[in-house]
Structures are given as structure tokens and as C-alpha cells.
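For reference, the structure is listed below as C-alpha cells.
The values are calculated or read from the model by the stated rules, or taken from the named source; none is laboratory data. Bear in mind the structure is a predicted one, so any value in this text is a computation, not a measurement. FYI the Cβ positions are ideal-geometry reconstructions off the backbone, even for glycines, and counts take in every protein chain you see.
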Amino acid sequence: MTKVVGIDLFCGIGGLTNGLVQSNIEIRAGFDIDETCRKSFSQKNNGFPDFVCGDIKKLGEQDFKKYFSDLKQDDYKLIAGCAPCQPYSSYQKNKDFKSRSNHKSYGLIEEYLRVVKIVEPDFVVMENVRLLIKDDVFLNQFVEYFRENNFHVDYKVVNMADYGAPQRRMRLLFLAVNKKTVKNFRDFVVHKKIKNLNKKTVFDTIGYLPKINNGEINKTDFLHQSSKLSDLNLKRIKNSREGGTWRDWPKDILPDCYKRESGSTYSSVYGRMKKHDVSPTLTTQFNRYGTGRYGHYEQDRAISLREGALLQTFPVDYEFDSSLGTTVIARQIGNAVPPIYAKVLGEMILDNLKMVKKNEW
């Protein structure tokens, strides 16, 4: 039986892997420099893949090729991944691309391409921040390599809410299909929106969870815990309305920066989420009330780690390493690829392959 087998580069805690595994693509290994990701990545929900901890720049040909050594003629190879995106993030203080080349994570997309050349995959899937689409390395080296080597290529900036995530998250999605090995594969389009999608809201996603107070940890789920607010921030959230901002507050509890004209434009912090809408983009500090619109829509607290994981579309039984502490877990969840995106894309790949095989028969 034909199967698609892959590896996940810069895998983190396995959001991309989990979605692909849900679609019935087999991911055999993930590669990441962060050892703290091992437990969450190598778990039952992901099919127990290997976790290879190391600097991708120092890994050689056999580190990658061995995971495809037993494939049969009718099997397909896939490379998935999301190269660390900090140099291109809209949260970077320095918006100049030329200066970003000095960032420690710059150049990892070239390492991604190096692995592609080693493995010679049939499918390549990548997710990244939207500003990457303006970078010369992406356009003139990464994309051009695939076009020059007989791949069908498509990429677009999409909102993950249009792929099923209950979250407003703009990302660059990239797909390449090797025309030499995947013959008769129909031109694959990265859709801006998925048709007939059952969209979910914040309430649909987290509304069933037990109520917890500010600073409380649920007794049966350590991940369902809320950060402790200061007395001042507790007053602030109590004066916040659903979907509102700090402009709802009385002046005596405003931070000094918002009393000045220069701070008046920063309206996306210290707010509550909207109950019947998708959430804002989750960052690595989504569990802190003052770093975004991360207040619970009706409870006087920031959203919990569990709620963040669900808004990122991780399964409710996904395992996280409780020994790492809330700051690390929040960073891992905020950095992750929403599994729902990978599941949708994986299903599209497999459905297209079924049509190819059917036509060959």
C-alpha cells in the first residue's frame, strides 16, 4: 500500500507533525536544537517519532536519509518544517531586512533547502511568518530552486482561521510537488480559504473547560492554570469588557504610557477576547494578561495554558512536559504550527494521490 513518509525540520513540540499524522502521513523524525521539546514531540499523538536534538548545520547526509532507506517504489518522501522565523517576525524591533541578516536564526531557510537537496523529496511543506514572502533568499534561492528542478510550486499568505483554527493568525504556506516522481499529480493550489469549513469560535473551543480563578491550577489538568495577576491588573481586567481595550478603564488605573498621546495607538493589549469570534494571534506570552488581548472573555484572568493549546488546535490529550514551567510551555505552544493546518494540507495531498492512482488504474 502506497504511503507518504516524512521528517519534520525545526519541529518544536510537534504541531506540524501532529496534523500530518492525523491526516495519515507517517512522520518518522523531528529535528530541533531545543532539547526541551523532546517529550512533547515524541509521543503517542505523533506516532512516537524520533527526536533528533542538534544544530541542523552540523547534521550530515545520513542523519536525514536513513529515515527513508526502507521505502518501496510506490512510497513518497515528504519534508515538512518551519525554519525559526524571528528574523522576519513583525514583532522584531528592527524592520530592515538587511539588518536582520545578522540575527542568529537568519540563514536557516538555506539549511532547509540543503536538506531538500540531500533527501530529494516528492513533497515539501513549509509554514512561516508572512514577511518571509518579501525576503530575497526566499524568493531568489528557495522558490527558484524548486522551479528550476521541475517542482510544481505554490505559496500564499493565509489566515489560519480560514483553515479551521479558532485564531486570527496570518502565515505563509508553501508547497512544492516533484513532477518527476509524482507523475500526473494535479496542479496543487494553496487555498486562501478551505471550502465547507466548520469554523469555531473561542467559546466553541474553550467554553466547556472548568472555571478557574486568577492564579488557580485546575486539580485534574495542570495545563489549565492561570497566571497570578497583580492587584492592579486584577482591577484592570474587572473593568474590561469583552472585546474591549484599556480605554474602558477609569484613568486612575491606566499605565502612565497610555496617559500620553504617544501611547494611545497601542490598543491590542490589556483586553478580553471576544466570546463568539476567533482569538487574536497567540504569541509566546499568551498566558500573560498585559502582553496582548489575552484576557478571558468573562472570567477575571488571563487565558490558561490549556486554553492556549486548544486555540492552537492541539488535541486535548496532547502531552506537555510539566517539569519545564509555565514560561517555557507558553513559549512552546505560542511558537507551534497549528495542527489543523497540517491536517488539512496532508489530507489534500493524500486525496490528490488517490486520484492519481485511480486514473493510472
Does the stretch 149-177 hold any residues that are farther than 18 Å from Ala83 by Cα and assigned to a loop (DSSP other than H, G, I, E, B), and which are they?
Asn149, Asn150, Gly164, Ala165, Pro166, Arg168
Taking the condition of a type in the set (A, V, I, L, M) and in contact with a strand residue (DSSP E or B) (Cβ under 6 Å, 6 or more places away or on another chain), does Val337 pass?
yes
Among the numbered conditions (1) assigned to a strand (DSSP E or B); (2) farther than 23 Å from Lys117 by Cβ, tell me where Val52 comes up short.
(2)
Which listed residue, of Lys192, Lys180, Lys235, Lys211, is at negative phi, touching a residue at least 24 places away in the same chain (Cβ under 8 Å) and either within 26 Å of the chain's Cα centre (by Cα) or outside any loop (DSSP other than H, G, I, E, B) (or both)
Lys192
List the residue pairs whose Cβ atoms are under 8 Å apart, where the first residue sits in the stretch 156-170 and is within 15 Å of Val189 (Cα to Cα), the second is of a type in the set (D, E, K, R) and assigned to a strand (DSSP E or B), and the two are 6 or more positions apart or on different chains.
Val157/Arg171; Val158/Arg171
What pairs come up if the first residue lies in the stretch 117-129 and is closer than 17 Å to Lys65 by Cα, the second is surrounded by 19 or more Cβ atoms within 10 Å (Cβ to Cβ) and of a type in the set (Gly, Ala, Ser), and their beta carbons are under 6 Å apart, counting only those six or more places apart or on different chains?
Val124/Ala176
Which listed residue is free of Cβ contacts under 8 Å to residues at least 60 places away in the same chain, among the aliphatic types (A, V, I, L, M) and assigned to a strand (DSSP E or B), from Ile7, Ile27:
Ile27
Using beta carbons and a limit of 9 Å, which pairs, at least six apart or on different chains, have the first residue in the stretch 300-323 and over 24 Å from Gln22 (Cα atoms) and the second one among the small types (Gly, Ala, Ser) and crowded, with 24+ Cβ neighbours inside 10 Å?
Arg301/Ser226; Arg301/Gly295; Ala302/Ser226; Ala302/Gly295; Ile303/Ser226; Ile303/Ser279; Ile303/Gly295; Ser304/Ser226
Is the stretch 220-232 home to any residue that is touching a strand residue (DSSP E or B) at 6+ places or on another chain (Cβ under 7 Å), among the β-branched types (Val, Ile, Thr), within 23 Å of Phe314 (Cβ to Cβ) and not in a helix (DSSP H, G or I)?
no
Restrict the check to the stretch 315-332 and report whether at least one residue is touching a strand residue (DSSP E or B) at 6+ places or on another chain (Cβ under 8 Å) and either over 18 Å from Lys211 (Cβ atoms) or in a helix (DSSP H, G or I) (or both).
yes
So Leu71 ticks every box in (1) modelled with pLDDT under 90; (2) within 27 Å of Lys343 (Cα to Cα) but one. Which box is left unticked?
(1)
Within the stretch 130-160, the residues that are surrounded by fewer than 21 Cβ atoms within 10 Å (Cβ to Cβ) and aliphatic (A, V, I, L, M) are Leu131, Ile133, Val137, Leu139, Val143, Val153, Val157
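Restricting attention to the stretch 28-60, which residues are among the charged types (D, E, K, R) and loosely packed, with under 12 Cβ neighbours inside 10 Å?
Answer for the stretch 28-60, where residues must be among the charged types (D, E, K, R) and loosely packed, with under 12 Cβ neighbours inside 10 Å: Glu35, Lys44, Asp55, Lys57, Lys58.
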Counting only residues that are touching a residue at least 40 places away in the same chain (Cβ under 8 Å) and not in a helix (DSSP H, G or I), the stretch 32-49 contains a total of 2
